[in-house]
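The next block holds one structure in the form of structure tokens; read it before the comments.
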Amino acid sequence: MEKKNIDWSSLGFSYVQTDMRYVSNYKNGAWDDGCLTDQASVTMSECACVLQYAQTCFEGMKAYTTQDGHIVCFRPDLNAQRMADSCRRLKMPVFPEDRFVKAVVETVRANAAWVPPYGSGASLYLRPFMFGSDAIIGVKPATEFQFRVFATPVGPYFKGGIKPLKLRICDYDRAAPRGTGHVKAGLNYAMSLYAIVDAHEQGYDENVYLDSGSRTFIEETGGANIVFIKGNTLVTPKSDTILPSITRRSLVQVAKDYLGMEVEEREVALSEIGDFTECGLCGTAAVISPVGTIVDHGKEIHYAGFGPTIQKLYDTLTGIQMGRIPAPEGWIEVIE
């Protein structure tokens, strides 16, 4: 299969329209059979529920070319589970988890020419999403929905080398107690846009959000979970309002089973973040982004950036994804 004529090394992390995407519609209480289509545009009523009341959720994942030439996807079953949880919380019909994985596989296979080659540093980013599509003017859930999966080739998250991030403790709240912080709802990200633009204008790369109840515990950033290192221990905040990152859950298992580390999933007080030697943000885009500094209202806490433990975690997980290191059972979905 001939690849697209693309300078893979020049790709950024932005949208490039590919050949095919998957679409399925929900109407009269049931999902249709779904299909692949070359139509990239979405047509809906001006009064569609998603446009009025933001009834939408999404997922993010990647397909890779491994060292032995296979095209694979990393743990799509967990994305399917997380989207199902998001749908339940947002009063949307669950797209069956087995069909979710099948839709992802079909989308990748139909765009195989767009999957970057091994060693290019690029990958095929996948965006499954769902939204309320029928006209709703009163405040209530939609009755019709559309589920879609599109694919776009993306370059490495870091262009021109890795630079440790500078974060700030944010005065805004990301999620309310008993709210929607634990699901991947579009509205959560809309709420974070003002704060992230403000952070960038102030010279920071990201915000660190505290729990909204007491504002004394670390939660996560606007787009990633956060992890800390102290000695041979990986510490990650635990809260009912943190999005359950698939990358974080994978890193926890890598730390335990591959690196022999101790793992603590617990509340992390703001007052103790100076006790850690390394810090990183974890997510699909970059696996682990090294943190160099967290600024708490003028007080700077410094970390080792891409320290030795963060480096080992990064190398091990990317090695599993790329087929250089044997993966735990069920982690790799082979597509071609």
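The values are calculated or read from the model by the stated rules, or taken from the named source; none is laboratory data. It should be emphasised that the depicted structure is a prediction, and the values quoted were computed from it without experimental measurement. Virtual Cβ from ideal backbone geometry, glycine too; neighbours counted across all protein chains shown. With ligands, DNA and RNA removed, areas are computed over all heavy atoms of the protein, side chains included. Shrake-Rupley method; radii C 1.70, N 1.55, O 1.52, S 1.80 Å.
If you go through the stretch 71-123 and keep only what is among the hydroxyl-bearing types (Ser, Thr, Tyr), part of a helix (DSSP H, G or I) and touching a helix residue (DSSP H, G or I) at 6+ places or on another chain (Cβ under 8 Å), you end up with nothing. Looking across the stretch 15-37, the residues that are touching a residue at least 24 places away in the same chain (Cβ under 8 Å), closer than 28 Å to Glu336 by Cα and open to solvent by 70 Å² or more (accessible area, probe 1.4 Å) come down to Tyr15, Gln17.
In the stretch 38-50, the residues that are of a type in the set (Asp, Glu) reach residues that are open to solvent by 60 Å² or more (accessible area, probe 1.4 Å) and in a loop (DSSP other than H, G, I, E, B) with C-beta atoms within less than 7 angstrom, at least six apart or across chains, in these pairs: Asp38/Asp19.
Only one of the numbered conditions (1) at pLDDT below 95; (2) under 20 Å from Phe276 (Cα atoms); (3) in contact with a Phe, Trp or Tyr (Cβ under 6 Å, 6 or more places away or on another chain) is violated by Ile162, and that is (2).
Let's see how each residue does on (1) surrounded by fewer than 15 Cβ atoms within 10 Å (Cβ to Cβ); (2) under 25 Å from Gln67 (Cα atoms); (3) of a type outside the set (Ser, Thr, Tyr):
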position: Glu220; (1), (2), (3): no, no, yes
position: Leu234; (1), (2), (3): no, no, yes
position: Arg266; (1), (2), (3): yes, no, yes
position: Tyr303; (1), (2), (3): no, no, no
position: Pro308; (1), (2), (3): yes, yes, yes
position: Ile325; (1), (2), (3): no, yes, yes
position: Glu329; (1), (2), (3): yes, yes, yes
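Restricting the search to strands (runs of 3 or more DSSP E) fully inside the stretch 264-319 and requiring at least 1 residues that are closer than 22 Å to Met61 by Cβ and touching a strand residue (DSSP E or B) at 6+ places or on another chain (Cβ under 8 Å) gives 278-283, 287-296. Determine if the stretch 91-105 includes at least one residue that is at pLDDT 95 or above, surrounded by 13 or more Cβ atoms within 10 Å (Cβ to Cβ), touching a Pro at 6+ places or on another chain (Cβ under 6 Å) and within 30 Å of Ile320 (Cα to Cα). Within the stretch 91-105 (the criterion being at pLDDT 95 or above, surrounded by 13 or more Cβ atoms within 10 Å (Cβ to Cβ), touching a Pro at 6+ places or on another chain (Cβ under 6 Å) and within 30 Å of Ile320 (Cα to Cα)), the answer is yes, since at least one residue qualifies.
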